[in-house]
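Participant: There's a structure below that I have some questions on.
The values are calculated or read from the model by the stated rules, or taken from the named source; none is laboratory data. All figures in this text were calculated on a predicted structure; none of them were measured in a lab. Virtual Cβ from ideal backbone geometry, glycine too; neighbours counted across all protein chains shown.
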Amino acid sequence: MANITIPPTTDTPTYDYTFNFYFNFLFGLTSRTFGVAGNILNIIVLTRPKMKNPNTLILTWMAVADLCNLLIGLPKFVWQANESSFAPSKKTDLGFNIYFKFIILTFAYVFIMAMNWLTVLLTAFRYIAVCWPTKV
């Protein structure tokens, strides 16, 4: 038997960025659009005068924090839409990287932590309401 070796190729494999575009951009933008609409409806319903109680106040602020978290990521989607089909560019925009990593992500984490602590507060309120109900 002869030892046949295939010489290595120097061609880099081409990558189709169509799936990356559809999944990341369109799915992300669609989910953000529905999330923004849902949170706006939550805020409208929960701020009615008949809905004034501590639980709805917490739920309202959870909707506000989630709305801010959804809106803070929109510059990333706009920036990626301007890129050529999400293909990685050879040059990186240092200003946008600093803006995204230090400002956008910081505020996103702040809003996520606010939602987490509001969930803990709502759970504590419900625990008190169930375990120690007021006697009327």
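Participant: Would you be able to tell me the number of residues in the stretch 91-126 that are within 20 Å of the chain's Cα centre (by Cα), over 14 Å from Ala65 (Cα atoms) and of a type outside the set (A, V, I, L, M, F, W, C)?
Facilitator: 3
Participant: Which residues, counting only those in the stretch 72-107, are at pLDDT 75 or above and not in a helix (DSSP H, G or I)?
Facilitator: The answer is Gly73, and nothing else.
Participant: Oh, and also: Kindly establish whether Val130 is loosely packed, with under 12 Cβ neighbours inside 10 Å, modelled with pLDDT under 85 and not polar (S, T, N, Q).
Facilitator: Working: loosely packed, with under 12 Cβ neighbours inside 10 Å: yes; modelled with pLDDT under 85: no; not polar (S, T, N, Q): yes.
Here the answer is no, as Val130 does not meet what is asked.
Participant: Can you run down the residue pairs with Cβ atoms below 9 Å, 6 or more apart or on separate chains, where the first is in the stretch 39-56 and touching a residue at least 12 places away in the same chain (Cβ under 8 Å) and the partner is loosely packed, with under 13 Cβ neighbours inside 10 Å?
Facilitator: Asn55/Arg126; Asn55/Ala129
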